[in-house]
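One structure coming up, written as C-alpha cells, with questions to follow.
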Amino acid sequence: MADPDEGNEEKEEKRSSGLIEKIQQLGVTNVPQLSSDSRIHCMTIVGQIEGHLALPPQNKTTKYEHIIPQLVAIEQNPKIEGLLVILNTVGGDVEAGLAISEMLASLSKPTVSIVLGGGHSIGVPIAVSCDYSFIAETATMTIHPIRLTGLVIGVPATFEYLDKMQERVVKFVTSHSNIPAETFKDLMFAKGNLTRDIGTNVVGVDAVATGLIDEVGGLGVAMRKLNELIELQKTEKEVLIQ
C-alpha cells in the first residue's frame, strides 16, 4: 500500500523546484499567462536578428528559423484572430529580416506592431510590414545604408549587388508605409546625424511625422487597434457571405 505522505512530499518537491526554476529564469515566482480563450498572439523580436550564420552565444538573438514556422502556425490556427508584434531590435541579417517582413505582410490575419526601445536597421521593414504600426515616444529607429561584413571584393559587381539589395529594402519600406522613397533615401544617406557614420536616428514623433510609422503609442492603444482590425475583418467577411 502506497504511503500518502510520500506522494505529498513528491508534489511539494515538484512545486518548489518549479518555483526555483521560475525565479532563476524570470526573477519572479508567478508569471501572468495569456487566457486560453485569447484570440491574440504576441510575438517578440528582440536583440539581433540572426541569419544564415550563428552569432556568439552571449548575443541576444531572434532566429528566423524559429519565427517563420510560428507565423505559418498562426496563419493556420483558427483560434488566433490577430497578431501583436513587439520589437526591440538592433537589426541584423538583411535577408532574414526581409523574410520575416514578407511573412508578416502576407498574413491574412490583422497584425499590429509596436517599436519599444529600438527598431533599428532591418527592424524598420519588420515594423512597417504589419497592418498598423506604433512607436513608443522614447523609441528610436536607425535608418542607414546596407553594410557587408567579411571579405569584400572591390569590383563594380560588388557595388551593384549592394545597390540592388538596398533597393529591395527601400521598395519594401516605402510600399508598406507612408514615407516617400526620396525621403527614406535622404534619411538613409544623411551625414552628421550619426557619429562617424551615414544615416539617421529617428525618434518616436519624428518617425510618425515622416510617414514611416502610423502612430505614437504603447501597449494599450496597440491592443485596442488590433481588436478594432479583428472586428472590422469579421464584419467584412459577414458582408461577403451575405
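Got a sec? Which of 115, 94 is closer than 27 Å to residue 223 by Cβ, touching a helix residue (DSSP H, G or I) at 6+ places or on another chain (Cβ under 9 Å) and not basic (Lys, Arg)? Spell out the reasoning first.
Values: 94 fails: closer than 27 Å to residue 223 by Cβ.
Among 115, 94, only 115 is closer than 27 Å to residue 223 by Cβ, touching a helix residue (DSSP H, G or I) at 6+ places or on another chain (Cβ under 9 Å) and not basic (Lys, Arg).
To continue, here is another question. Say whether the condition of being under 26 Å from residue 201 (Cα atoms), open to solvent by 60 Å² or more (accessible area, probe 1.4 Å), assigned to a helix (DSSP H, G or I) and of a type outside the set (A, V, I, L, M) is met by at least one residue in region 68-80. Write out each step before concluding.
Here is the first cut: in region 68-80, the residues under 26 Å from residue 201 (Cα atoms) are none.
There is no residue in region 68-80 that is under 26 Å from residue 201 (Cα atoms), open to solvent by 60 Å² or more (accessible area, probe 1.4 Å), assigned to a helix (DSSP H, G or I) and of a type outside the set (A, V, I, L, M).
Given the criteria surrounded by 12 or more Cβ atoms within 10 Å (Cβ to Cβ) and under 17 Å from residue 120 (Cα atoms), does residue 202 qualify?
Values: surrounded by 12 or more Cβ atoms within 10 Å (Cβ to Cβ): yes; under 17 Å from residue 120 (Cα atoms): yes.
Yes.
Another one. Where residues in region 165-191 are more than 20 Å from residue 119 (Cβ to Cβ) and either modelled with pLDDT of 90 or more or in contact with a His (Cβ under 7 Å, 6 or more places away or on another chain) (or both), which of them is most open to solvent (accessible area, probe 1.4 Å)? Talk me through it step by step, then tell me what you get.
To start, the set of residues in region 165-191 that are more than 20 Å from residue 119 (Cβ to Cβ) comprises 167, 182, 191.
When the remaining residues are screened for being either modelled with pLDDT of 90 or more or in contact with a His (Cβ under 7 Å, 6 or more places away or on another chain) (or both), the result is 167, 182.
Working: 167: 78, 182: 122 Å².
Among those that are more than 20 Å from residue 119 (Cβ to Cβ) and either modelled with pLDDT of 90 or more or in contact with a His (Cβ under 7 Å, 6 or more places away or on another chain) (or both), it is 182.
Quick check: is even one residue across region 233-242 out of contact with any Asp or Glu (no Cβ under 6 Å at 6 or more places or on another chain) and more than 30 Å from residue 81 (Cβ to Cβ)? Even if it seems obvious, please write down each step before you answer.
Going through region 233-242, the residues out of contact with any Asp or Glu (no Cβ under 6 Å at 6 or more places or on another chain) turn out to be 233-242.
Next cut, more than 30 Å from residue 81 (Cβ to Cβ) only: none.
Among the residues of region 233-242, not one is out of contact with any Asp or Glu (no Cβ under 6 Å at 6 or more places or on another chain) and more than 30 Å from residue 81 (Cβ to Cβ), which makes the answer no.
Residue 194 passes all but one of (1) under 13 Å from residue 141 (Cβ atoms); (2) crowded, with 16+ Cβ neighbours inside 10 Å; which number fails?
Only one criterion is unmet by residue 194, namely (2).
Counting only residues that are among the aliphatic types (A, V, I, L, M) and open to solvent by less than 80 Å² (accessible area, probe 1.4 Å), which one in region 144-164 is nearest to residue 210 (Cα to Cα)? Give the steps one after another, and end with the answer.
Step one: list which residues in region 144-164 are among the aliphatic types (A, V, I, L, M), which gives 146, 148, 151-153, 155, 157, 162.
From the residues that got through so far, the ones that are open to solvent by less than 80 Å² (accessible area, probe 1.4 Å) too are 146, 148, 152, 155, 157, 162.
Values: 146: 21, 148: 27, 152: 34, 155: 35, 157: 33, 162: 25 Å.
Ranking the candidates gives 146 first.
Restricting to region 93-126, name every residue that is small (Gly, Ala, Ser), open to solvent by less than 30 Å² (accessible area, probe 1.4 Å) and closer than 20 Å to residue 149 by Cα.
The initial filter retains those residues of region 93-126 that are small (Gly, Ala, Ser), namely 96-97, 99, 101, 105-106, 108, 113, 117-119, 121, 123.
Keeping just the survivors that are open to solvent by less than 30 Å² (accessible area, probe 1.4 Å) gives 96-97, 101, 113, 118-119, 123.
Across region 93-126, the qualifying residues are 96, 97, 123.
Which count do you get for residues in region 127-143 that are surrounded by 19 or more Cβ atoms within 10 Å (Cβ to Cβ) and charged (D, E, K, R)?
Residues in region 127-143 being surrounded by 19 or more Cβ atoms within 10 Å (Cβ to Cβ) and charged (D, E, K, R): 1 in total.
The values are calculated or read from the model by the stated rules, or taken from the named source; none is laboratory data. These numbers come from a predicted model, not from an experiment. All Cβ positions, glycine included, derive from the backbone under ideal geometry; neighbour counts span all protein chains shown. Accessible surface areas use protein heavy atoms only, side chains included; no ligands, DNA or RNA. Shrake-Rupley method; radii C 1.70, N 1.55, O 1.52, S 1.80 Å.
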